[in-house]
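Student: Let me give you the structure first, and then I'll get to my questions.
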Amino acid sequence: MPMQEEILLSGDDRVVQVPVEDIPFYERFLKGYGINWPSEQKNANYIILSKSMVGVISSPSQKITLLPKYPEITLNYVIRLYNYVHGRKSSLDEHVLDINHVSSVDDLVKHFLGDVREAIAAGLPKSYVLSDEQSKYWRGHVDVRRTAINVALLHRNPIHTKVRHLVLDTPLNRLLKVALLKISKDPAFHFLAGQALDYLTSVDAPEQSGGELYRRVSFTVANIQLRELAIEAKMIIDELYVDDLQGSFGGKGFLINFDMLFEEFVRKILLEYSPQEFIYWKDMRILGSVAQDGFDIGERIFKPDILFRVSEEDEDNRYFSSAEAILDVKNKANGLFKPADVYQISEYCAMLNSHKAVLVYPSFVEKGNAEISIEFPKVPVHLIHGVYVNIAAPTGRDFLKSINLFQRKIKKVLQN
C-alpha cells in the first residue's frame, strides 16, 4: 500500500484537497455519513468539511485528522462526551469517563480488540435459555401429556421436556459480534477480529444500529465490568466507516459532529437531573406559514434546545405552549452572547411567554456564570444568563464533579 500523506486540520481550516485516485473513496465515505459533496467541489478535487466535525479519515493516499475546533482539547475529550451521552446513567462511573488516548481509527480499533480479548479470556457472560428436548431421561419441565403419547407410540426418546441451557447468544455478545464483523472488513484487523469471531460463532448478528443493539443490553452484576466495552462497540457500529473494498483501493474513518454531540451532552445532564422539569421537544413546531403572490409555499419551523417547566396549552399565552425558561446550547467557548444567539433566544422567549433565558457554553476550566442586560423596554427578557460546563476535566472523577457543578449553577439561575 502506498505511503499515506498525514494532514492535520484544525480551527476554520477544513479544506481537504482530494487526489484524483481518492475520489471514489470519498464518494463512498461521505455517502456513508449522509454528507453531500457539492459537484463544484468534487469537480475541483476538494471538500470543505464543517468545523463541527471531528475524527479521522484514512483514504488510500491520505490520513486526515480533524481536530476539535478548540486547541484546549483533543479528540479524546470529544470521545469522552460521546461515552457519557450514549452510556446509561447506571453504568457510567469515573473509570468509564477517564480519558483514553485515541488519535487514529487504528487506535480506536486496537483498544476495542484488546478489551474484547480480555473479556473472552475472563469469560463472556452467558444466559440461560429454555429449549425443547426429546430425551430418554426425566428432567427439566416435562410435558406429561406429550410424553405419554410418545411412550404409547414407542418413540425412542419419549420424554418431551424443556431444559435450561447456558448460551453465549446474549444482547451484549450480539453487540460485540456486529462490531467485530464491521472491523473484520479492514485487512489490517481481519485476522484479530476473526479470532474473536470464532469464539462467537453461536451468537446472532442482527442487522441493527449500534444504538438499537446497545439499548437491548441489561447491565447486571455479571456483566457490569463490560459497560465500557459495550459503549466502544456501539461507537464502532454507528460511527466507524470501513470500506468493503480490499487492498489499496479501500479506506476507513470515523466522524463525530461535535456541535450536535455537545447539545446532546447538555440535554442529557439536565433531563436526567430533573426529568419532570426539563423538557426536550422531539419534533419541530410551526413558526408560521409562508405565502408568495397569494399562494402558500411552505412553513417555517422552530425548536428550542431545552425547555424548563412547560405548559402545552397555556391560557395566558392564548392556549399556545409556554415555558418558564428557555435554554439554548451553543458550542461556542469563545463566543459569549453573540448577537445572533441573543436575538434567537429572545424570539423563543417571546413565542413561549418565557421570563428566563439561558445560553449554555463549553469551557476548559471552571468558570462562573455571565449575564447580559438588555436595555430596550419591549423585549421579552431583560436579562440573559450564560452558564458554562467544563468539558476538559483531566479525570473521570473530575468530569463528574464538573457535571454536578453545572447542574447546581443551572438550578441557581432558574430558581432566583
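Student: Given Gly247, Gly194, which one is at pLDDT 90 or above and under 30 Å from Asp22 (Cα atoms)?
Tutor: Gly194
Student: Would you tally the residues in the stretch 349-397 being within 21 Å of Phe258 (Cβ to Cβ) and of a type in the set (Ser, Thr, Tyr)?
Tutor: Looking only at that region, the number is 3.
Student: Follow-up question, since we're still on this one. Checking the condition crowded, with 17+ Cβ neighbours inside 10 Å and farther than 21 Å from Ser202 by Cα, which residue from Asp107, Asp186 passes?
Tutor: Asp186
Student: Working carefully through the options Ile47, Ile23, Ile35, find the one that is in contact with a strand residue (DSSP E or B) (Cβ under 7 Å, 6 or more places away or on another chain), surrounded by 11 or more Cβ atoms within 10 Å (Cβ to Cβ) and among the β-branched types (Val, Ile, Thr).
Tutor: Values: Ile23 fails: in contact with a strand residue (DSSP E or B) (Cβ under 7 Å, 6 or more places away or on another chain); Ile35 fails: in contact with a strand residue (DSSP E or B) (Cβ under 7 Å, 6 or more places away or on another chain).
Matching residue, one of Ile47, Ile23, Ile35: Ile47.
Student: Let me ask something additional. Take residues that are among the acidic types (Asp, Glu) and touching a residue at least 24 places away in the same chain (Cβ under 8 Å) and tell me which of the strands (runs of 3 or more DSSP E) falling wholly in the stretch 53-141 contain 2 or more.
Tutor: Details: elements: 53-58, 62-66, 127-135.
The qualifying strands (runs of 3 or more DSSP E) are 127-135.
Student: Related question: Could you list, ordered by first residue, the pairs with Cβ atoms under 6 Å in which the first is in the stretch 208-224 and within 18 Å of Val85 (Cα to Cα) and the second is of a type in the set (S, T, N, Q), at least 6 apart or interchain?
Tutor: Qualifying pairs under 6 Å: Phe219/Ser91.
Student: Right, here's the next one. Being buried (at least 21 other Cβ atoms within 10 Å of the Cβ) and at pLDDT 95 or above narrows it down to one of Leu405, Leu359, Leu352, so name that one.
Tutor: Going through Leu405, Leu359, Leu352 in turn, the sole match is Leu359.
Student: Looking only at the stretch 349-390, count every residue that is more than 17 Å from Asp328 (Cα to Cα) and in contact with a helix residue (DSSP H, G or I) (Cβ under 7 Å, 6 or more places away or on another chain) and tell me the total.
Tutor: Here the count works out to 2.
Student: Under 27 Å from Tyr70 (Cα atoms), under 27 Å from the mean Cα position of the chain (by Cα), in contact (Cβ under 8 Å) with a residue 24 or more places away in the chain and outside any loop (DSSP other than H, G, I, E, B), is that true of Leu8?
Tutor: Taking the combined requirement at face value, the residue satisfies it.
Student: Another question, if that's okay. (1) aromatic (Phe, Trp, Tyr); (2) more than 24 Å from Lys330 (Cα to Cα); (3) not in a strand (DSSP E or B): which one isn't true of Tyr241, the others all being true?
Tutor: The number of the failed condition is (3).
Student: Next question, about the same structure. Among the residues that make up the stretch 185-201, is at least one of them within 30 Å of Ile237 (Cβ to Cβ), in a loop (DSSP other than H, G, I, E, B), in contact with a strand residue (DSSP E or B) (Cβ under 9 Å, 6 or more places away or on another chain) and of a type in the set (Lys, Arg)?
Tutor: Within the stretch 185-201, one or more residues are within 30 Å of Ile237 (Cβ to Cβ), in a loop (DSSP other than H, G, I, E, B), in contact with a strand residue (DSSP E or B) (Cβ under 9 Å, 6 or more places away or on another chain) and of a type in the set (Lys, Arg).
Student: While we're here: What single numbered condition from (1) modelled with pLDDT under 90; (2) of a type in the set (Asp, Glu); (3) assigned to a loop (DSSP other than H, G, I, E, B) fails to hold for Glu207?
Tutor: Status for Glu207: all satisfied but (1).
The values are calculated or read from the model by the stated rules, or taken from the named source; none is laboratory data. Note that the coordinates shown come from a computational prediction; the quantities given were computed from them, not determined experimentally. Counting neighbours? That spans all protein chains shown, and the Cβs are built from the backbone with ideal geometry, glycine included.
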